[in-house]
Structure formats: C-alpha cells, structure tokens
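See structure below.
Only the coordinates and a few stated rules stand behind these numbers; no lab work does. Quick caveat, the model's predicted, so the values are computed rather than measured. All Cβ positions, glycine included, derive from the backbone under ideal geometry; neighbour counts span all protein chains shown.
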Amino acid sequence: MSVDARSWHRRSGSDCSRPGAQGLPAAFGTLNFGRRRIPTASMGECCCDFNPFRLCSGLRVLGYSMILLFVAIVAVSYYAVIIVAWGPRLLHGGPLSFLAFTIVIIFHFLLVLLVWSYFMVVFHDPGDVPAGWQPASKETA
C-alpha cells in the first residue's frame, strides 16, 4: 500500500488490517481471489489492499504497439499521397506541377504537426490538478 493510500485510510477510518468479516451472516457470501476470501458485505473495509489495476501491467506492451501502429498509418499515408499520387506529377513538370508542389508542402507541414503533437502526448506528463483547486459549488454555477 502506498503512502497516499495509507493516509487516506487513516482519514477515512477504514480498517485494512481486518482479515475477514467476523460476525457477518452467511447469506452475504464471499468473493474468492486466490487464497484470499473477501466477504461481499464489507468490500470497502477488507479489500483495501486488493488492486485490480495490477492486472493491467501488461498493457504497457499494448501502448508500444500503438506507437508502431501510428508509425505504420503515417507511413502508408505518406506512401499513398507523396510517392504514388503527387510525387510523380511533381517530377514530370507541366501545369499540374505547381499544384503538386503546393499539396506536397502542405502535406509535409501537416505531417510534421501531426507527428509532433502525437509524440508530445505520448512522451510528456499530462500534469496534475493544482494544489489549491476546488470544484465550483452548485450555488455559484
């Protein structure tokens, strides 16, 4: 249990050291998590140290695969727009050459913005709530 969780439990008055539900009727039943038996009637009190998000630790690999998926989508888009569609028209010259040049420049500008934005989202911390922030009360809204 983390330090923040311990301080929250101290403030909320929940008792996480309780091993089971003494004195509960049998009608409430229990949940089985491996060797731990958790009574359903007192879930808030006795399963404080059960963390279901611990099972999501393998999702980090999925996050890396999302980066690869993004790179693949950008590569296919680049191939379709620049290599196949407008690149040859740019090289052949003629009246469509100026239009092809304009589209290629705009595409590269938007591509740089897209890649920059994506990697800013992926690799930067989103931040946190300011220390003194309070939600607006219903009276002021």
- Quick one: if the Förster radius is 25 Å, what FRET efficiency do residue 108 and residue 84 give, using the C-beta to C-beta distance and rounding to 0.05? 0.95
- Query: What's the exposure ranking of 89, 60, going from fewest to most Cβ atoms within 10 Å?
  - Reply: 60, 89
- Message: Could you list 137, 97 so that the one with the fewest beta carbons within 10 Å of its beta carbon is first and the one with the most is last?
- Response: 137, 97
- Query: Most exposed first by the Cβ proxy, i.e. fewest other Cβ within 10 Å, how do 49, 128 rank?
  - Reply: 128, 49
